[in-house]
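The values are calculated or read from the model by the stated rules, or taken from the named source; none is laboratory data. Bear in mind that the values here come from a model prediction, so they are computed numbers and not experimental data. Don't worry about glycine lacking a Cβ; one is built from the backbone with ideal geometry, like all the others, and counts go over all protein chains shown.
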Amino acid sequence: MSRTGKKPVALNGATVTIDGQNVTAKGPKGELSVVLMDLVTAKQTEEGIVIEPVNESKQARAAWGTFRSLVQNIVTGVTVGFERKLAIQGVGYRAAMQGKDLKLSLGFSHEVVYEAPQGISLATPAPTEVVVTGIDKQVVGQVAANIREYRPPEPYKGKGVRYAEEHVFRKEGKKK
């Protein structure tokens, strides 16, 4: 039994419409939808959206909690939104906004310009900080991963782009 799947998804001010296997959420930040597999069904109750498996097969029970989490993510996205913070460490490493694009100086011979996809906003509150915000959790995480990929943190000095909450395992240097 899925402990995650048993919980109903609270609406928190979003309006959710269920049309067959398509669940659409509208809120103050926008509109998102997810298409459920045929192994699970969704219904609306007074507690919120309840996801249930169609049968007791292993695949249906596996998809149950997954699709409950996906529905939770679209409801949270349209009401609150998602945010991912990146920290830049290294001498001369910095980020700045160039219109809607992000300009990164990461020790290359050229500056890297990252163009934000539709629905994602980038901000640099400090030269060594980047904040990625949006309503789609998957896209926010992918954009943060793409920015981090330009210069991942290295283990000896810790230089590079890292998630704000990430701990980089540091190695001891070569001894004489």
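A few points about this structure:
- Scan the range 78-97 for residues that are under 12 Å from T128 (Cα atoms) and in contact with a helix residue (DSSP H, G or I) (Cβ under 9 Å, 6 or more places away or on another chain) and the total you get is 3.
- Selection within the range 86-99 - among the small types (G, A, S) and not in a strand (DSSP E or B): G90, G92, G99
- Test result for I120, under 20 Å from the mean Cα position of the chain (by Cα) and more than 26 Å from K29 (Cβ to Cβ): no
- Some residue of the range 38-52 being at pLDDT below 90 and small (G, A, S): no
- V75 vs. criteria outside the structural domain of I147 (by TED's automatic domain parsing), outside any helix (DSSP H, G or I), over 24 Å from A164 (Cα atoms) and in contact (Cβ under 8 Å) with a residue 12 or more places away in the chain: no
- Each residue in the range 34-43 was checked for being outside any loop (DSSP other than H, G, I, E, B), under 25 Å from the mean Cα position of the chain (by Cα) and not β-branched (V, I, T), and 1 pass.
- No other residue among E56, E31, E83, E46 is in a strand (DSSP E or B) and over 30 Å from G107 (Cβ atoms) apart from E31.
- Close pairs from the range 13-38: first not assigned by TED's automatic domain parsing to the domain that holds A60, partner outside any loop (DSSP other than H, G, I, E, B) and at pLDDT 95 or above, Cβ under 7 Å, at least 6 apart: none
- The residues of the range 100-115 that are assigned to a loop (DSSP other than H, G, I, E, B) and farther than 15 Å from E149 by Cβ, listed by number, are K100, S109, H110, E111.
- All conditions but one from (1) under 18 Å from the mean Cα position of the chain (by Cα); (2) closer than 25 Å to K29 by Cβ; (3) without any contact (Cβ under 8 Å) to a residue 60 or more places away in the chain apply to K137; the one that does not is (3).
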